[in-house]
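In what follows, a structure is listed as structure tokens, so that the remarks can point back to it.
Computed from the coordinates by the stated procedures, all read-outs in this text should not be read as laboratory data. Note that the structure is a prediction, hence the values are computed from the model and not measured. Every residue, glycine among them, receives a Cβ derived from its backbone with ideal geometry; neighbour counts consider all protein chains shown.
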Amino acid sequence: MLAQPPPDDLIAQIRQRPEVYVGTRGSEGLHELIYEALVYSLKEALVKRCTRLDITLNYDYQIIVSDNSSGIDTRLIAALGISFLELKLTRRSTDRHQGMEAHPLYGLGLPVINALSQVFTAEVRRDGFLWRQEYCYGEKQTPVMRVRSLLPNESTGLTLRFKPDFEIFEQHELDYAALALRLRMIAFLVPDLEVTLKDERIGLRDHFHYLNGLRELTRFLNRGQVLLHDPIYGIEEIETLMIDSWSYTVRVEIAFQYILSGAGTQRIFVNTLRATANPEAQRGLRAGLLWVLNRYARKQGLLREADAELNVNEISVGLTAVISIYHLYTSTGNQKLARMLQQNTWDAALRATINAVTLLERQRPQELRRIVEHVLQRRRDH
């Protein structure tokens, strides 16, 4: 039986039980390791401090992830005797408030890459200099070193270079198509972010940048279908102020489009990660659609006084919808805060939907009428 690592030695914990952090030791776990390398860049992009993300797969299985974020602080934390950079690379987030902790985009991020890599180098461009720290099998090899001054046109940012530990991972091969699909989705969900994937092993390169974000993702999901109207988009943020003046924000973006025939589809993402379901967001979207479509149908005389209201099943047929939820914190045993987060997600989805369709009624009323007439025609046909 393996000895248990000390509770404060996160690197040892990850190396002893990698499946807990990346799922498997096979190819899926290897891909998950790359997704962990995106966590910091995505957090920066979601708060609009990063606009470029480059991923390169080298011949020797080295992976390079580089961005133009603000970079991680390299200054020393006197109380701990280590730099902010080393803290990020080796320990859990200490960003906790009132029973809430930082919500993971995928998992723990940087410590996972560090622990599960044969060699790992973090380079930070910040405060006018290039800084570097090197690790081997999760063990620190160098302190944070100031390498050189930044060039005049060189941006701030973070570059991670790592080679997975193939004594842990049983598969060596990376699936370019799977990586490209995931990165394409990220580019849809974070429209300010340009994402480039390059595989030097096979000479492939893809560039993803979708300025219209969820609208373009909706069109992508509906490719090959007969479309009833242009995608409808809405966004809503709800900030909750806690007792100690600390606050957290839930942001919900929605985009939807009806197709002429077929069932449609719904995709939900939380902090860019695909979610199997989010009942609060789905109920908010449907409640908003029900309210505004019924109100419009009554006002325009498309529903007579004796007619029953449109129901959830009727408005859901042929509906393709994407819901993207972003929130920084998740509950850690505090049920009151968990319920508050759920309520805010429902409320934000409801408001985003109502506001989007109300705007559609003012700007493109013929499209809203087409939607309602289409739903009513399906009712008559069935």
task = Determine the calculated [θ] at 222 nm for the chain from helices alone, applying -39500 (n - 2.57) to every DSSP H run no shorter than 4 residues and normalising by the residue count; nearest 500 deg cm²/dmol.
result = -11000 deg cm²/dmol
ask   = Where Lys and Arg each count +1 and Asp and Glu each count -1, what net charge lies around Thr320 among other residues with Cβ under 12 Å from its Cβ?
value = +4
inquiry  = For the pair Asn355/Arg205, report the inter-label distance in nm, with labels modelled 7 Å from Cα in the Cβ direction.
reply    = 4.0 nm
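Rounded to the nearest 0.05, what FRET efficiency do Thr142 and Gln171 give with R0 = 41 Å and r taken as the Cβ-Cβ distance? Could you check?
According to the calculation, E is roughly 0.85.
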query = Using only Cα atoms, what Kirkwood radius does region 21-61 have, in angstroms?
reply = 11.6 Å
request  = Please give the peptides 45-51, 149-155, 109-115, 258-264 ranked by average Cβ packing (other Cβ atoms within 10 Å per residue), highest first, as a rough proxy for protection.
outcome  = 109-115, 45-51, 258-264, 149-155
ask   = Out of every Cα pair in the chain, what percent are spaced more than 40 Å from each other?
value = 25 percent
note = Percent antiparallel among DSSP beta bridges confined to the chain, rounded to 5, stands at 85 percent
request  = Can you pull a Stokes-Einstein diffusion coefficient for region 10-211 at 4 °C (1.567 mPa s), Rh from Kirkwood over Cα pairs, as a whole number of µm²/s?
outcome  = 75 µm²/s
ask   = When the scattering of region 214-381 is computed by the Debye formula from its Cα atoms alone, each counted once and equally, what is log10 I(q)/I(0) at q = 0.09, 0.10, 0.14 Å⁻¹?
value = -0.32, -0.40, -0.73
